[in-house]
Structure formats: C-alpha cells, structure tokens
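Visitor: Sharing a structure here in structure tokens format.
Only the coordinates and a few stated rules stand behind these numbers; no lab work does. Every value quoted in this text rests on a predicted model; they were computed, and no experiment measured them. FYI the Cβ positions are ideal-geometry reconstructions off the backbone, even for glycines, and counts take in every protein chain you see.
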C-alpha cells in the first residue's frame, strides 16, 4: 500500500481536514497509509485543545498508526505550548524527515 505524509501550514482548513482526511483515516477508508502529519506556521492552531478537530487528532494519536507533529518554532512563537492536544509531538523538520523517510508522497496544504 502506498504511504503519504501531510504538512499542514494554514489555519483555514478545518473542513478539509475533518471531512477529507481525519474522518476517512479513522474509518480506515483513506486508501493509503498515513505515516505522519506535520503542523507548521498557522496550521498549529488546529492542535489547540477544544478546537474543531481536536477530537479527531486525539483519536488518531490514540490509534498509534499516525504520528502527529507540531513545529517547535511555530508553537513557541504563537505561545501555544500549554494548549495543544496531549500526545502531539513537538519537533523540528528533522523529526518529520525521520518519520517519513519511507513514504511515497508528502502533500502540503
């Protein structure tokens, strides 16, 4: 099966994430293996506890099939260290590279 990873860099993607990525992944209907998500720039706002997609992110983390990363710099600059969903890995691009070294495609939104 092909594998992908996603880089999420924009805040205004809630519908796309919820309906086209998170829900199908959680139902096992996405069609490819998702190795990791990397949230960067304003994309880190999707990781705030209580946000529209927080419950989906928690469920994906709990499934232990897909790694969820947040850019350390983006989190720090927006002062979000204490408000993101538990279990999100804070890291740098090198961490994302390590998690995605064998994926077929990296898709950026």
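Visitor: Looking only at the chain, where both bridge partners belong to it, what percent of the DSSP beta bridges are antiparallel (to the nearest 5)?
Guide: 5 percent
Visitor: Quick check on the chain: helices-only [θ] at 222 nm, where DSSP H runs of length 4 and up contribute -39,500 (n - 2.57) each and the sum goes over total residues. Nearest 500, please.
Guide: Details: 4 runs with 28 residues, N = 109.
Result for the chain, helices only: -6500 deg cm²/dmol.
Visitor: With springs connecting C-alpha atoms under 10 Å apart, model the chain as a Gaussian network and identify which of 85, 40, 32 has the largest mean-square fluctuation.
Guide: Residue with maximal mean-square fluctuation among 85, 40, 32: 32.
Visitor: Further, regarding this structure: Please sort 41-49, 63-71, 9-17 by packing, taking for each peptide the average over its residues of neighbouring beta carbons within 10 angstrom, highest first.
Guide: Working: 41-49: 20.0, 63-71: 18.4, 9-17: 14.1.
Result, highest mean first: 41-49, 63-71, 9-17.
Visitor: State the three equivalent ellipsoid semi-axes of the stretch 3-108, derived from the C-alpha gyration tensor as the square roots of 5 times its eigenvalues, in descending order and whole Å.
Guide: Over the Cα atoms of the stretch 3-108, the ellipsoid semi-axes are 19, 16, 12 Å.
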